[in-house]
Amino acid sequence: MITPFADVGYIALVLALVVAVYSAVAAVAGQQVPALLTSAYRGVGAVATLVSLAVLALWVGLLGHDFTVRYIVETSSRTMDPLALISALWGGQAGSLLFWAWTQALLTGLVLWRSRARYPALLPVVTATLLAVQAFFLFLLALVANPFARVPLAPDDGRGLNPLLLDVGMRIHPPLLLTGYMSFVVPFAFAVAALVTGDLSRTWLTAVRRWTLLAWAIQAAGLLMGAWWAYHVLGWGGYWGWDPVENAALLPWLTATALLHSIMVQERRGMLKVWNLGLAIGTFALATFGTFVVRSGVISSVHSFAQSAIGPYFFAFVAVLTLGSGGLLIYRLPALRAEGQFDALASREVGFLANNWLLLAAAAATFWGTLFPLLSEAVRGVKVAIGPQFYRGVNGPIFLALLVLMGIGPLLAWRRTSRGSLIRNFRLPVLAAAVGGLALLVAVGLDRAGAALAFAACAFVLGAIGLEFGRGVRVRRRAGAGWGSALTSLVTTNRRRYGGYIVHLGIVVLALGVIGSSFFQQTADVTLRRGEQTTIGRYTLRYTGLTSYREPGVAATTAGIAVQGATPLTLHTERRVYSGWEQQPVTGVAIGTTLPWLEDVYVLLTGWDDAGTATFRVFLNPLVALVWVGGLLLLIGTVIAAWPVAVRQPHAVRRAVPSLVGALPDA
């Protein structure tokens, strides 16, 4: 069905580009001419409206099967359900760029609404920076990767999405990750505004802390959903393979983690000013680099798009962004002297600094491994891939040290920690680490000493977190509160601190899941006739037979597996072939979690013959469920830490506020 919405969508993008460029210039010039500044702020709303219209137009075309549009031909088909058609918006290169532009347009409006009255001196440059980034993406959409480009001859049906992307995870993981990438533009914009205006006080930090936490949480959710999607869809038995695109998504999250910690040092001691500005700039540069990796096709990955014309534009954008903002930072260095100094090695600020160095070391190693294939091809003419063993060997010890430091930090005081406090604070966590590590070492033997060491690190952090919560609850219990109310009031009266501890708790639980599934995974390939059984670990698996079925656009063969163990399970694994993708059959993985071991029985069908004999690959993955539980705790803790605290005002002040706010021009 041919519709006019493609033309409407493209015109909206071109107009949005024009308005974004004008508004960015007007925001800068408007610092001297108030009328221009007002028009720039109104331009933010116009851009958001126009880009929203373009998104709506593409959705109308997808749902209406307008196969005159190339993007719709490449990413949809008549057999796809409406939800799959909606998710096709971010299923291809041009559509994902449009999604970025759309979410950033909405976020820019939200930033303007939340910050106009609070940060009037910074906001013109913040707005200009956000709109300049917006203009770059709109330029790509209008002139390089047009999602509304027509095909010479419209087919009767489209090719449809890649079958791997039809899973429900596809409807959640990509938009989360794209939104996370995009959200790091807000801390970057405030950092640029602080450098341009010369207002290097703590004002910009106050402005960006919650925005950084929001972007960090969204990126974390995107990474977790990506891991879940890989585990349930790709069929290789794991959830993180150190793929280049996975690495690119991890990089800004690591540097944003460092930023969130060093912000606290500047707030408390007036130190690490250069760190904070550099991390805000570097995080967005890495987020843009991640988008470049996926969309340029320069690095091979199961997640990336094909080779594309936008690569050079992205490379130039990252270069201008990094060099321009880095030059500003160098220019302002004389004004960024620390207000305090490190008084002792055993202090919380030194712990935060060590945390930052370790996070940057992990980011640098990951960045090097991701880029090495390109560098080797440029220098030697041969593309040498870096495998997961490199990342495990380099990042494994770094992450272990970070885990231990996560337990040490809360036990240290600001400025200086006395010897008595060190002994008193570290006694319980060290005991927990010793008992936990030795217990696992006795259970698994010396050949798994690495697992015992990692488990001891987790026990140390759990002991430190437990000590912090225990002290607070004990004080409230002495005042007569019950256990539940004492714990609740402890968290709600200091959300930032104890929300952070819950985040740490989530990371420890997630780490336990990684340790269990990495060190103790078992794998077997078995071929069975119907009714035959095999034993793997503590489980007996019996093959119950094959069945086949057809649905519109897909043919599937399903194998049944009955699992006998502590928790009896009935699993069904299948192979699906989609129309138009016959050379890429998809495995439907069967996963069952057993109790009390929290062990996943992970089965995939790899082949069969006419007689019904089937071949399976089976993984036993202990504690994988803790990865998802830990991720959920991490997000819950983030929400608690970021939740605004209501400030009670005297009655007279509350009565005066409405009239005062009403008198403001931007209320």
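Within the option set Arg392, Arg419, Arg415, being farther than 19 Å from Leu462 by Cα and touching an Asp or Glu at 6+ places or on another chain (Cβ under 7 Å) holds for one residue only, Arg415. Selection of the stretch 566-575 for residues being surrounded by fewer than 18 Cβ atoms within 10 Å (Cβ to Cβ) and at pLDDT 85 or above yields Pro568, Thr570, His572. When Glu582 is tested against (1) surrounded by fewer than 16 Cβ atoms within 10 Å (Cβ to Cβ); (2) in contact (Cβ under 8 Å) with a residue 60 or more places away in the chain; (3) of a type in the set (D, E, K, R), exactly one condition is not met: (2).
Condition check ((1) over 28 Å from the mean Cα position of the chain (by Cα); (2) surrounded by fewer than 15 Cβ atoms within 10 Å (Cβ to Cβ); (3) at pLDDT below 95) across all residues:
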site: Leu333; (1), (2), (3): yes, yes, yes
site: Glu339; (1), (2), (3): yes, yes, yes
site: Leu345; (1), (2), (3): yes, yes, yes
site: Ala354; (1), (2), (3): no, no, yes
site: Ala361; (1), (2), (3): no, no, no
site: Phe367; (1), (2), (3): no, no, yes
site: Phe372; (1), (2), (3): no, no, yes
site: Leu375; (1), (2), (3): no, yes, yes
site: Ala378; (1), (2), (3): yes, yes, yes
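If you check Gly324, Gly407 for being without any contact (Cβ under 8 Å) to a residue 24 or more places away in the chain and either of a type outside the set (S, T, N, Q) or closer than 23 Å to Thr288 by Cβ (or both), only one passes: Gly324. The number of residues in the stretch 212-259 that are aromatic (Phe, Trp, Tyr) and either open to solvent by 20 Å² or more (accessible area, probe 1.4 Å) or touching a strand residue (DSSP E or B) at 6+ places or on another chain (Cβ under 7 Å) (or both) comes to 6. State yes or no: is Gly198 within 30 Å of Thr573 (Cα to Cα) and not basic (Lys, Arg)? It is false that Gly198 is within 30 Å of Thr573 (Cα to Cα) and not basic (Lys, Arg).
Look at Leu487 and say whether it is farther than 30 Å from Gly340 by Cβ and under 33 Å from the mean Cα position of the chain (by Cα). Against the criterion (farther than 30 Å from Gly340 by Cβ and under 33 Å from the mean Cα position of the chain (by Cα)), Leu487 qualifies.
Table: residues versus (1) at pLDDT below 90; (2) out of contact with any helix residue (DSSP H, G or I) (no Cβ under 9 Å at 6 or more places or on another chain); (3) surrounded by fewer than 22 Cβ atoms within 10 Å (Cβ to Cβ).
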{"site": "Arg448", "(1), (2), (3)": "yes, no, yes"}
{"site": "Leu462", "(1), (2), (3)": "no, no, yes"}
{"site": "Phe469", "(1), (2), (3)": "no, no, yes"}
{"site": "Gly480", "(1), (2), (3)": "yes, yes, yes"}
{"site": "Ser485", "(1), (2), (3)": "yes, no, yes"}
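Residues in the stretch 76-93 that are outside any loop (DSSP other than H, G, I, E, B) and open to solvent by 10 Å² or more (accessible area, probe 1.4 Å) were compared, and the one that is modelled with the lowest pLDDT is Gln93.
Taken over the stretch 585-607, the criterion of being out of contact with any Ser or Thr (no Cβ under 7 Å at 6 or more places or on another chain), at pLDDT 90 or above and open to solvent by 30 Å² or more (accessible area, probe 1.4 Å) is satisfied by Ile591, Thr593. Before we move on, is Ala511 farther than 16 Å from Val603 by Cβ, touching a Cys at 6+ places or on another chain (Cβ under 7 Å) and crowded, with 18+ Cβ neighbours inside 10 Å? It is true that Ala511 is farther than 16 Å from Val603 by Cβ, touching a Cys at 6+ places or on another chain (Cβ under 7 Å) and crowded, with 18+ Cβ neighbours inside 10 Å.
Within the stretch 143-175, being over 18 Å from Gly553 (Cα atoms), in a helix (DSSP H, G or I) and open to solvent by less than 30 Å² (accessible area, probe 1.4 Å) holds for Gly169, Met170, His173, Pro174, Pro175. Gln31 meets the stated requirement of being farther than 26 Å from Asp156 by Cβ and modelled with pLDDT under 95. If I filter the stretch 221-237 for residues that are in contact (Cβ under 8 Å) with a residue 12 or more places away in the chain, more than 25 Å from Val125 (Cα to Cα) and not in a helix (DSSP H, G or I), do I get at least one hit? Yes, some residue in the stretch 221-237 is in contact (Cβ under 8 Å) with a residue 12 or more places away in the chain, more than 25 Å from Val125 (Cα to Cα) and not in a helix (DSSP H, G or I).
The condition (being in a loop (DSSP other than H, G, I, E, B) and not aliphatic (A, V, I, L, M)) is satisfied by just one residue among Gly472, Gly463, Gly420, Gly480: Gly480. Reported count of residues in the stretch 103-127, each being in a helix (DSSP H, G or I), open to solvent by 10 Å² or more (accessible area, probe 1.4 Å) and within 17 Å of Pro34 (Cα to Cα), is 2. Of all the criteria given as (1) under 29 Å from the mean Cα position of the chain (by Cα); (2) open to solvent by less than 70 Å² (accessible area, probe 1.4 Å); (3) touching a residue at least 24 places away in the same chain (Cβ under 8 Å), the one not satisfied by Thr417 is (1). Being of a type in the set (Gly, Ala, Ser), farther than 17 Å from Leu140 by Cβ and open to solvent by 60 Å² or more (accessible area, probe 1.4 Å): is that true of Ala27 here? No; evaluated as a whole, the condition is false for this residue.
Scanning the stretch 518-557 for residues that are at positive phi and either basic (Lys, Arg) or open to solvent by less than 40 Å² (accessible area, probe 1.4 Å) (or both) gives Gly545, Gly553. Scanning the stretch 30-69 for residues that are part of a helix (DSSP H, G or I), open to solvent by 10 Å² or more (accessible area, probe 1.4 Å) and under 25 Å from Ala121 (Cα atoms) yields Pro34, Ala35, Leu36, Leu37, Thr38, Ser39, Tyr41, Arg42, Gly45, Ala46, Ala48. Within the stretch 61-84, residues that are closer than 13 Å to Leu165 by Cα and among the hydroxyl-bearing types (Ser, Thr, Tyr) have Cβ atoms under 7 Å from residues that are in a helix (DSSP H, G or I) and modelled with pLDDT of 90 or more in these pairs: Thr75/Ala88; Thr75/Gly95; Ser76/Leu62; Ser76/Leu85; Ser76/Ala88, counting only partners at least 6 apart in sequence or on another chain.
The values are calculated or read from the model by the stated rules, or taken from the named source; none is laboratory data. Everything numeric here is computed off the predicted structure, so don't read it as measured data. For neighbour counting, all protein chains shown are included, and Cβ atoms are generated from backbone atoms with ideal geometry for every residue, glycine included. Quick note on the areas: whole protein, heavy atoms, side chains included, nothing else; ligands and nucleic acids left out. Shrake-Rupley method; radii C 1.70, N 1.55, O 1.52, S 1.80 Å.
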